[in-house]
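Take a look at the structure below.
The values are calculated or read from the model by the stated rules, or taken from the named source; none is laboratory data. The model shown is predicted, which means the values in this text are computed figures rather than measured ones. Here the Cβ is made from the backbone with ideal geometry for all residues, glycine too, and neighbour counts use every protein chain on show.
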Amino acid sequence: MFGGEIEEVQLIDKVVHINRTAKVVKGGRRFSFSAVIVVGDGNGQVGCGLGKANEVPEAIRKGVEHAKKSMIKIVLVNNTIPYQVLGKCGAGEVLLKPASQGTGVIAGGAVRAVLEAAGVQNILTKCMRSHNPHNLVKATLNGLGQLQDRETIAAKRGKDPGEI
């Protein structure tokens, strides 16, 4: 249990979007909040979470807890991704392209949050179809999750990593 607490200190959490919903009751409106949160260690691990509560800080806390449980490990090569990939979730699609050193993170708000939390420093992105922040975050994670390193692909094909 002690090892988990050391990791928590190093995690980067970013609030991507906060949505306010209203329920109309006899006495007026009751507001509740939902927060989309991205958590990463800046070194190839990233996750997203959705928290819902009657207050914003509580929704953010719940989102962070959910994001920590859904973290995935991604493949990075020289602070970028190894190859181009298309991530999809619902109507949201995100194209991720590797970029040369010094390019930076060329991405919009929701996608940028995921990539910065994951530790990607050079990448080109394009959001296609829907721009819903929730779906864009999930589509980006879907795309990053599809990535595999050279050794894994070589092993699947039964070849030497130098041949690929």
From the options N19, N78, N54, residue that is touching a residue at least 12 places away in the same chain (Cβ under 8 Å), at positive phi and over 17 Å from the mean Cα position of the chain (by Cα) | N78
Do you know which residues across the stretch 142-155 are under 21 Å from A67 (Cβ atoms) and assigned to a helix (DSSP H, G or I)?
-> N142, G143, L144, G145, Q146
Say we look at the stretch 22-51 and pick out the residues that are touching a residue at least 24 places away in the same chain (Cβ under 8 Å) and not in a strand (DSSP E or B); which of these is surrounded by the fewest Cβ atoms within 10 Å (Cβ to Cβ)?
-> N43
Do you know which residues across the stretch 66-78 are in a helix (DSSP H, G or I) and more than 12 Å from A35 (Cα to Cα)?
-> K68, K69
In the set I74, I81, which member is buried (at least 17 other Cβ atoms within 10 Å of the Cβ), in contact with a Pro (Cβ under 9 Å, 6 or more places away or on another chain) and farther than 16 Å from H134 by Cα?
-> I81
Any residue in the stretch 134-145 that is of a type outside the set (S, T, Y) and farther than 30 Å from A53 by Cα?
-> no
Could you list, in sequence order, the residues of the stretch 104-141 that are touching a Leu at 6+ places or on another chain (Cβ under 9 Å), assigned to a helix (DSSP H, G or I) and either surrounded by 18 or more Cβ atoms within 10 Å (Cβ to Cβ) or at pLDDT 95 or above (or both)?
-> A110, V111, V114, L115, A117, A118, H134, A139, T140
Do the conditions hold for L95, that is, is it among the hydrophobic types (A, V, I, L, M, F, W, C), touching a residue at least 12 places away in the same chain (Cβ under 8 Å) and outside the structural domain of K138 (by TED's automatic domain parsing)?
-> no
Identify all residues within the stretch 45-101 that are within 23 Å of Q146 (Cα to Cα) and among the β-branched types (V, I, T); write none if there are none.
-> V46, I72, I74, V75, V77, T80, I81, V85, V94
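Here's the yes/no breakdown for (1) modelled with pLDDT under 95; (2) aliphatic (A, V, I, L, M):
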residue	(1), (2)
E7	yes, no
H17	no, no
R20	no, no
S32	no, no
V38	no, yes
G44	yes, no
G47	no, no
R61	no, no
V64	no, yes
For the stretch 146-164, how many residues meet the condition of being within 16 Å of N78 (Cα to Cα) and not charged (D, E, K, R)?
-> 2
Look through the stretch 87-102, keep the residues that are assigned to a strand (DSSP E or B) and over 14 Å from the mean Cα position of the chain (by Cα), and return whichever of them is farthest from L136 (Cα to Cα).
-> P98
Take K14 and decide whether it is surrounded by 15 or more Cβ atoms within 10 Å (Cβ to Cβ) and touching a strand residue (DSSP E or B) at 6+ places or on another chain (Cβ under 7 Å).
-> yes
